[in-house]
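Colleague: Please read through the structure below; I'll follow up with questions.
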Amino acid sequence: MSTARELSEVPHVVVIGGGFAGLRAARELRRAPVRVTLLDRRNHHLFQPLLYQVASAALNPSDIAYPIRAVLRKQRNAQVLLASVARIDVEARRVEIEDGDPVEYDYLVVATGATHSYFGNDDWASHAPGLKTVEDALEIRRRILLAYEEAERCPERARELLTFVVVGAGPTGVELAGALSEIARHALARDFRRIAPETARVLLLEGGPRVLPTYPPELSQKAQRQLERLGAEVRTGAEVTRIGADGLEIGDERIAARTVLWAAGVCASPLAQILGAPLDRAGRVEVGPDLALPSRAEVFVVGDLAAVSCDGGFVPGVAPAAVQEGRFAARCILDDLRGRPRARFRYRDKGSLATIGRATAVADLGRLRFSGIVAWLMWLLIHVFFLIGFRNRVFVMMSWAWSYATFQRGARLITGDEGRPATGGSSARR
């Protein structure tokens with residue numbers, strides 16, 4: 001076991017962000033002759049691919065989140081600090097945190113991820129929350145459930161109240177639209193007396209020509225057909241021009257809706273702007289082939305915060321890519337310590353999966369492309385496998401089995417300020 005004095009004499013690696021990339025980087029250094037400090041403003045690692053299931057009342061937040069300290073408990077060369085980063089001084093190799101002493105580093109791994117992008121229309125955020133944090137998911141769940149409750153009190157307004165619009169038909173948008181359709185037609189179908197939940201309108205809007213634009217066209221078509229079988233309306237080539245408390249507009253067309261959800265765009269965390277490095281159009285940091293800043297070999301940027309060029313394109317902002325980048329950054333640090341030259345990052349695309357609803361999903365595994373129940377079962381197994389914590393895996397599998405057998409959702413709690421209207425007001429905390 002290393003003593004405190006021994007650890008103080010070895011290189012200090014500071015990791016900012018406890019997501020997929022940051023946590024993998026820290027874990028990869030568990031046997032290295034370094035000391036690791038992981039900084040995060042939240043105390044938990046969040047499994048974001050299942051966040052929409054919290055928003056749609058299928059899972060509880062604790063099912064997909066795990067304390068960072070528990071993950072690194074047995075890693076003797078690592079410590080965790082709950083802190084928000086105020087500034088990074090790359091010249092002095094120092095991270096300044098709010099309400100705390102500066103943290104000096106020999107190597108820095110920045111992995112703070114991405115946030116919502118409203119394409120310059122930031123006033124839309126209060127009317128159309130996005131989905132990146134537990135707080136976002138709970139706010140969306142609250143708005144969805146309150147919409148039904150308000151419609152039960154005021155059935156004459158049910159048409160507007162029970163119109164749910166999802167803007168953006170990437171994987172998150174498709175999954176949200178499918179979940180909203182299942183909630184209306186199964187989970188809540190027999191719970192109300194004055195309204196018919198199954199008549200709820202779920203509208204999925206996409207500005208491009210097809211849903212799941214990063215998937216092959218044939219899978220996009222299958223996903224759209226599966227959504228429509230669930231009862232969702234899919235509209236492509238629909239560019240939103242306004243979002244307000246009363247609904248949204250597509251050009252001159254107005255859609256009255258009290259619940260609008262945003263899944264149309266993301267941008268890099270604001271921390272990218274304080275590194276003093278070139279940024280791409282999405283605000284991501286342009287890194288070299290070793291994922292380090294071109295002018296600062298000791299500073300790595302990984303995950304959704306990095307614009308990583310590979311094989312003529314850019315590495316997608318997905319969890320498997322973030323894990324690979326975090327592992328690679330840690331191995332570059334090990335190469336430095338061993339006096340070896342750094343390698344070039346190579347992204348290994350292991351395929352993409354997106355679930356639409358009950359026993360429906362699409363899978364793009366390179367040469368293998370399929371949909372339906374086989375893709376859905378694969379999606380289930382892979383997501384359970386990558387969850388952190390045995391308890392979380394067991395609870396998620398039990399919740400899914402119960403939901404599949406009963407068509408019910410077990411996390412239908414309205415939390416927060418129940419007195420607020422179902423939409424409008426302040427957006428989810430970020």
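Colleague: Report, by residue number, each residue of the stretch 59-98 that is of a type in the set (D, E, K, R) and open to solvent by 30 Å² or more (accessible area, probe 1.4 Å).
Modeller: Arg69, Arg73, Lys74, Arg76, Arg87, Glu91, Arg93, Arg94, Glu96, Glu98
Colleague: Being free of Cβ contacts under 8 Å to residues at least 60 places away in the same chain and open to solvent by 30 Å² or more (accessible area, probe 1.4 Å): is that true of Asp101 here?
Modeller: yes
Colleague: Filter the stretch 253-287 down to the residues that are of a type outside the set (Ser, Thr, Tyr), closer than 25 Å to Leu180 by Cα and either open to solvent by 70 Å² or more (accessible area, probe 1.4 Å) or not in a loop (DSSP other than H, G, I, E, B) (or both) and list them by number.
Modeller: Glu253, Arg254, Ile255, Ala256, Val260, Leu261, Trp262, Val266, listed by residue number.
Colleague: For Val110, work out the one condition from (1) modelled with pLDDT of 95 or more; (2) closer than 30 Å to Glu298 by Cα; (3) open to solvent by 10 Å² or more (accessible area, probe 1.4 Å) it doesn't fulfil.
Modeller: (3)
Colleague: Right, another one. List the number of the failed condition for Glu6; all other conditions in (1) modelled with pLDDT of 95 or more; (2) surrounded by fewer than 22 Cβ atoms within 10 Å (Cβ to Cβ) hold.
Modeller: (1)
Colleague: Name the residues in the stretch 178-200 that are free of Cβ contacts under 8 Å to residues at least 60 places away in the same chain and under 19 Å from Pro129 (Cβ atoms), would you?
Modeller: Within the stretch 178-200, Ala200 is the sole residue that qualifies.
Colleague: Looking at the stretch 292-325 only, could you name the residues that are part of a loop (DSSP other than H, G, I, E, B) and either touching a residue at least 40 places away in the same chain (Cβ under 8 Å) or among the small types (Gly, Ala, Ser) (or both)?
Modeller: Within the stretch 292-325, Ser295, Val302, Gly312, Pro316, Gly317 meet the criteria.
The values are calculated or read from the model by the stated rules, or taken from the named source; none is laboratory data. Keep in mind that what you see is a predicted model, and the values were worked out from it rather than measured. Here the Cβ is made from the backbone with ideal geometry for all residues, glycine too, and neighbour counts use every protein chain on show. The accessibility values were calculated without ligands, DNA or RNA, using every heavy atom of the protein model including side chains. Shrake-Rupley method; radii C 1.70, N 1.55, O 1.52, S 1.80 Å.
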